[in-house]
Amino acid sequence: MAQRAEERPPYEQVAASLRAQIMSGDLTPGTQLPSTPRLVEEFGVSNTTVQKAMTVLKSEGYLTSRQGKGVFVRARQPFRVEVGSYLVPSPGGYSYELLEIREVPSPTEVALALGSETDDRLLLRRRLLRHNGNPVEINWSYYPRELVAGTDLAEPKRVPGGAPRVLAELGYPQRYFTDAVSARMPTKDEAELLELPNVPVIRQFRTVYSDDDRPVEVSILVKGSHLYELQYRMPV
C-alpha cells in the first residue's frame with residue numbers, strides 16, 4: 001500500500017514532533033529546548049522554519065520563553081481526569097461552580113439521545129469544574145423536566161451527591177454511561193472560561209442510563225486538550 005505524502009508545511013511537522021515529545025513526557029516540564037542551530041540540524045530545516053514552529057507551540061501553551069535564557073517546556077504535565085459520572089468535591093481537589101440553571105428546548109443531538117422531541121423542555125445545569133482552583137471542564141447536563149421537577153437538581157444551588165444521588169432517590173439509579181469523544185476548536189466562551197491558549201478542546205457527549213436502558217441524563221463535557229487527559233478504567 002502506497003504511503004501518503006506528507007502535505008503539512010515543514011514548520012507544522014517540526015511543531016508536531018516537539019508537541020508529541022512534550023505530551024509523552026520525553027521533554028519534561030522545565031526542560032530547556034536545544035538551540036535553534038541544533039534544531040535546524042536535527043530536523044534538516046531552515047532557521048525560519050524552526051522559529052515558526054516555536055511560535056506555534058508558544059501560542060498553544062507548550063513552550064515559554066525566558067528572557068536571556070532560552071525556550072523551555074511548559075511548567076506542568078497534563079493532569080489525568082478520571083472518567084466518571086460524578087467527581088466528588090474535596091479541599092484542594094475538584095470543585096464545581098454553577099454557571100446557570102434553566103429550562104431549555106432540547107438540542108437535536110440531546111433529544112436523539114434521550115428519545116425525546118426537539119420541542120420538549122429540558123432542565124439544563126451548566127457548571128465549571130475546577131481542580132485545585134484551575135478550570136478544567138465546562139459541563140452542560142440535560143435532564144427530562146418531568147423527571148427532575150421539584151428536586152434539588154431544579155434548584156440554583158450545589159447538590160450534595162450530585163445527580164447520581166437525586167436520580168437514585170427518584171428510582172432511577174445510574175447504571176452505566178456511554179461517551180462519544182471528539183475534538184474541535186473552542187468557542188469564544190469556552191476559551192475564556194477555561195483560560196485556553198490556541199488549542200483544540202476534548203468534547204465528550206455522555207448519555208447516562210438507568211434500569212432497562214432508560215436514558216436519564218445527557219452531559220456535554222468540554223476541556224482543554226493541552227493540559228488534560230482522560231483516564232478510563234474499565235473491566236476487560
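The values are calculated or read from the model by the stated rules, or taken from the named source; none is laboratory data. Owing to the predicted nature of the structure, the values given are computational and were not obtained by experimental measurement. All Cβ positions, even for glycine, are placed from backbone atoms using ideal geometry, and neighbour counts span all protein chains on display. Note: areas computed on protein heavy atoms with side chains; ligands, DNA, RNA excluded. Shrake-Rupley method; radii C 1.70, N 1.55, O 1.52, S 1.80 Å.
Values for this structure:
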read-out: Listed candidates [x] 20.3; [y] 17.8; [z] 18.3 - label of the one calculated as Kirkwood radius over Cα pairs in Å; value: [x]
read-out: Label-to-label distance, nm, for residues given as residue 7 and residue 100 (7 Å Cα→Cβ offset); value: 3.8 nm
read-out: Spatially close lysines, pair count over the chain: Cα under 22 Å, gap of eight or more or interchain; value: 5
read-out: Amide proton proximity set for residue 175, modelled H, under 5 Å, gap of 5+; value: 209, 210
read-out: The chain: angle of helix 10-24 to the longest principal axis, Cα-based, in degrees nearest 10; value: 60 degrees
read-out: Amide H contacts of residue 79 (H built 1.01 Å from N, under 5 Å, at least 5 apart or other chain); value: 228, 229
read-out: Length released on extending from residue 232 to residue 205, taking residue separation times 0.36 nm less the Cα-Cα span; value: 8.2 nm
read-out: Mean separation of Cα contacts under 8 Å, 6 or more apart, over the residue count of the chain: relative contact order %; value: 18 percent
read-out: Value at 222 nm in deg cm²/dmol, rounded to 500, when DSSP H runs of n ≥ 4 in the chain each add -39,500 (n - 2.57); value: -7000 deg cm²/dmol
read-out: Phi to ³J(HN,Hα) by Karplus 6.51 cos²θ - 1.76 cosθ + 1.60 over region 98-109, Hz, x for Gly, Pro; value: 6, 8, 6, 9, 6, 8, 9, x, 6, x, 3, 5
read-out: Carbon plus sulfur fraction of accessible area for the chain, probe 1.4 Å, in percent; value: 50 percent
read-out: Karplus (6.51, -1.76, 1.60) ³J(HN,Hα), θ = phi - 60°, over region 140-156, in Hz, Gly and Pro reported as x; value: 9, 10, 10, 10, x, 4, 5, 7, 10, 4, x, 9, 4, 5, 8, 9, x
read-out: Potential lengthening between residue 165 and residue 112 on full extension [0.36 nm per residue; Cα-Cα distance subtracted]; value: 16.6 nm
read-out: 99, 194, ranked by accessible area, largest first (probe 1.4 Å); value: 99, 194
read-out: Per residue solvent-accessible surface (Å²) - region 148-200, probe of 1.4 Å; value: 59 Å²
